[in-house]
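Before I ask anything, let me first share the structure, which is written out below as structure tokens.
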Amino acid sequence: MSTAMNFSTKTFKPRPPDKGAFPLDHFGECSAFKERFMECLRDSGYESSACRQSAMAYLECRMDRQTVLCKMLLFSCFQLRQLMANEPLEKLGFKDLIDEKSEAKPEK
Amino acid sequence: ILQGETALAFYKAKNPTDKPIIGISTYNVIPFEAGQYFNKIQCFCFEEQRLNPQEEVDMPVFFYIDPEFVEDPKMAKVDLITLSYTFFEAKEGQKLPLPGYQ
């Protein structure tokens with residue numbers, strides 16, 4: 001679709017998500033984290049930047065699901081699946097928030 | 001949302017019928033030209049998802065806007081980008097024209 005005149009602009013291509021699809025949270029295991037995030041958005045006038053901590057907490061919940069349930073239930077974990085593949089949070093755009101956390105720790 | 005910063009958004013889907021539905025969704029970005037700057041890290045789209053009878057689920061999208069967005073003069077007047085999803089029933093044997101996914 002691009003012509004010679006558009007050599008400096010990108011052509012639009014629909015793209016699949018980088019890390020694939022989220023499995024559905026059928027049991028609402030992370031709903032509480034989602035509610036906290038939505039509450040933050042409402043309180044901040046829908047300022048996404050103000051709610052990154054809550055967003056990070058939600059994604060951590062998704063990544064943690066398998067580990068927590070296995071420990072709690074003590075039965076075969078084959079049926080359980082993660083709601084999100086484990087990924088270092090720094091790689092998901094939260095590096096600055098992680099750095100802040102580790103800076104705060106030595107003070108405790 | 002700031003360009004380059006990752007963000008989370010939620011959609012909600014409900015199956016109001018008394019039968020399970022297998023659905024699949026595709027997305028659209030408005031304005032059209034902003035679509036090239038919209039990067040999905042992870043979402044619920046492009047894969048079949050099953051909704052049980054009367055089930056309502058949250059559907060997250062984790063994304064960011066390419067920082068080059070602010071350098072594109074055509075985007076100078078764009079301060080609102082709308083992302084929409086169409087969730088429809090998957091039919092057996094039907095294949096979505098997926099953009100190289102799977």
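Any chance you could count how many residues in region A:39-53 are closer than 14 Å to B:F10 by Cα, within 11 Å of chain B (Cβ to nearest Cβ) and open to solvent by 40 Å² or more (accessible area, probe 1.4 Å)?
Matching residues across region A:39-53 total 1.
Keeping to region A:19-30, report how many residues are more than 21 Å from B:N39 (Cα to Cα) and more than 7 Å from chain B (Cβ to nearest Cβ).
Going through region A:19-30, the residues more than 21 Å from B:N39 (Cα to Cα) turn out to be A:25-30.
From what's left, more than 7 Å from chain B (Cβ to nearest Cβ): A:27-30.
Looking only at that region, the number is 4.
The values are calculated or read from the model by the stated rules, or taken from the named source; none is laboratory data. Because the structure is a prediction, the values reported are computed rather than measured. Note that each Cβ is placed from the backbone with ideal geometry, even for glycine, and that neighbours are counted across all protein chains shown. For accessibility, only protein heavy atoms count, side chains too; no ligands or nucleic acids. Shrake-Rupley method; radii C 1.70, N 1.55, O 1.52, S 1.80 Å.
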